[in-house]
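What follows is one structure encoded as structure tokens, with my remarks underneath.
Derivation of every value follows stated rules applied to the coordinates shown; laboratory data play no part. This structure is a prediction, so every number in the text was calculated from the model and none was measured. Neighbour counts run over all protein chains shown; Cβ positions are idealised from the backbone, glycine included.
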Amino acid sequence: MAKLHVSTTVNGEPLEFLCEPHDTMLDALRNQLALTGSKEGCASGDCGACSITLDDRLVCSCLMLAAEAEGHEIRTIEGMARGGRLHPLQEKFLEQAALQCGICTSGMLVASEALLAKNPDPSEEEVRFWLAGNLCRCTGYDKIVRAVLETATEMREAAQ
Ligand code: FES
Ligand code: FES
């Protein structure tokens, strides 16, 4: 079967790649584009380890066809640090030890960034609800939730 040619933007950079019609966006990121930060935990939309944004909407890249990236803007964990500086969420996850094995971490960070872009002052309940689709087998979630809440506070203070 002929490969599909896809033109898209990934982390602000225009990119083109070839893929099979059945390839997922996660396949394309990891195999064609060498962006391996997005992880495959389940390949069925249940764990959130593959979270990316598509035109600022949080999606599971394992549930999206690579061909659907045509003409759209993708952001991945690789685009989170800017100008050689970690995003405040990344710094806080490290500071709070909000990760252990790290398999869920890129998805947690991408999802948390999407939450704070939408709601800069979330309650603990809102953070837990938003991250309910991101599973972590290691941390027990409390450190992750605390890291997101503290980052939100610090980002609001820095914006004043
Ligand atoms: S790998 Fe996509 S949701 Fe689990
Ligand atoms: S740190 Fe291991 S799954 Fe979350």
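Scanning the chain for DSSP H helices at least 15 Å long along the axis (C-alpha atoms) with a Kyte-Doolittle mean no lower than 0.5 picks out 105-118. Overall shape: oblate for the range 1-43, with the ratio a/c of the largest to smallest alpha carbon gyration tensor axis at 1.5 or above and b/c at least equal to a/b.
Annotation: amide H-H contacts under 5 Å for Leu65 (H modelled 1.01 Å from N, sequence separation of 5 or more, or interchain): Met25.
With Cα atoms as the point set, the radius of gyration and Dmax of the range 88-159 evaluate to 10.9, 34 Å. For Cys47, the residues 5 or more places off, or on other chains, whose built amide H falls under 5 Å of its own are Cys42. Ranking Ala66, Pro21, Ser38 by how far each Cα lies toward the positive end of the dipole of the range 4-79 (charges on Cβ) leaves Ser38 at the top.
In terms of its Cα atoms, the chain spans 51, 34, 24 Å along the principal axes, sorted from long to short. Positive contributions from Lys and Arg (+1) and negative ones from Asp and Glu (-1), summed over other residues with Cβ under 12 Å from the Cβ of Trp130, come out at -2. Panel values: the range 16-81, Kirkwood radius from alpha carbon pairs, Stokes-Einstein at 25 °C and 0.890 mPa s, translational diffusion coefficient 211 µm²/s.
For the chain, adding -39500 (n - 2.57) for each run of n ≥ 4 DSSP H residues and dividing by the number of residues yields -9000 deg cm²/dmol at 222 nm.
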